[in-house]
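What follows is a single structure, written as structure tokens, with notes after it.
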Amino acid sequence: MDNLFAVAAAILYSLAIATIVPGLLHQTGIRTKTVFISAAFALTFHVWLLSDLILNGSGQNLSILNVASLISFIISVVMSFAMLKTRLWFLLPVVYSFAAINLLAAAFLPSTFITHLEHDPKLLIHISLALFSYSTLTIGALYAIQLAWLDHKLKAKKALVMNPNLPPLMMVERQLFKIILIGTALLTGTLLTGFTFVHDMFAQGKAHKGILSLIAWVIYSILLWGHYQKGWRGRKVTWFAVAGATLLTLAYFGSRFVREIILT
């Protein structure tokens, strides 16, 4: 049944992508309602499967593939609702593609990393903040890449043939820094709860998570300071946002990818 849900969700994500891509390629209208309905059904199957994969009688299975699929779900939910208010057509195919791939991987390549968060609510708070901060800042990295691409199109004097399905550059920039600000606040909470609640945060084998997350926090703080105090824009913003997201990816998934995927 799990595999069936995974395949159904992947097909529905693919249908949403197939509705978007022709509009981007041929500058035609994109049916927002069709995309949203397809995504909504995909997300329903996605969360149903996640609940079955993560929640079981022996605890919570927070394997790397389950966590990656959960993060993809969070990002897809946020972006799907944001689609109703702003033009995210450039980003949604990427978001839905990763959601489908991560979901299929979690369903067909099962792995186990059992935790017992019901006995440690403080750790649950820390992990929840970590998931939402990473998801938010990953969305920020996607926005930064979109910003860089739009900026390139404008500088190449292609503004006159700019696809009407793409959002205005200045709007993307404003949204980007709102997302980075929220994500940095969540990351701050993640670090504070980690220092407070996770007693072995800098123990051998775990120290890299805290160190890399702290470096990412510094990068995002410098980016926000540079933008609001020095007026940073353009390529520099993209590099900072992508660098921060990359460090967080290494912090959250690096060692576990080696242990759970490569060494198994």
Checking GLN204 against (1) crowded, with 17+ Cβ neighbours inside 10 Å; (2) over 22 Å from the mean Cα position of the chain (by Cα); (3) farther than 15 Å from HIS126 by Cβ; (4) at pLDDT below 90, which single condition isn't satisfied?
(1)
Lone qualifier among ALA241, ALA251, ALA216, ALA245 - being modelled with pLDDT under 95, part of a helix (DSSP H, G or I), hydrophobic (A, V, I, L, M, F, W, C) and under 22 Å from the mean Cα position of the chain (by Cα)
ALA251
In the stretch 220-238, what count of residues is obtained for those that are of a type in the set (Ser, Thr, Tyr), open to solvent by 30 Å² or more (accessible area, probe 1.4 Å) and at pLDDT 95 or above?
1
Could you list, in sequence order, all residues of the stretch 116-141 that are open to solvent by less than 30 Å² (accessible area, probe 1.4 Å) and either outside any helix (DSSP H, G or I) or among the aliphatic types (A, V, I, L, M) (or both)?
LEU117, ALA130, LEU137, ILE139, ALA141
Could you tell me which of the residues LEU150, LEU181, LEU160 is modelled with pLDDT under 95, assigned to a helix (DSSP H, G or I), open to solvent by 40 Å² or more (accessible area, probe 1.4 Å) and among the aliphatic types (A, V, I, L, M)?
LEU160
Taking the stated definitions as given, is LEU104 out of contact with any strand residue (DSSP E or B) (no Cβ under 6 Å at 6 or more places or on another chain), touching a residue at least 40 places away in the same chain (Cβ under 8 Å), within 23 Å of MET1 (Cα to Cα) and open to solvent by 20 Å² or more (accessible area, probe 1.4 Å)?
yes
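The values are calculated or read from the model by the stated rules, or taken from the named source; none is laboratory data. The structure presented is a predicted model; accordingly, all values stated were derived computationally and were not measured. Quick reminder, even Gly has a Cβ in these numbers, built from the backbone with ideal geometry, and neighbours come from all protein chains shown. In case anyone asks, the SASA skips ligands and DNA or RNA and just uses the protein heavy atoms, side chains included. Shrake-Rupley method; radii C 1.70, N 1.55, O 1.52, S 1.80 Å.
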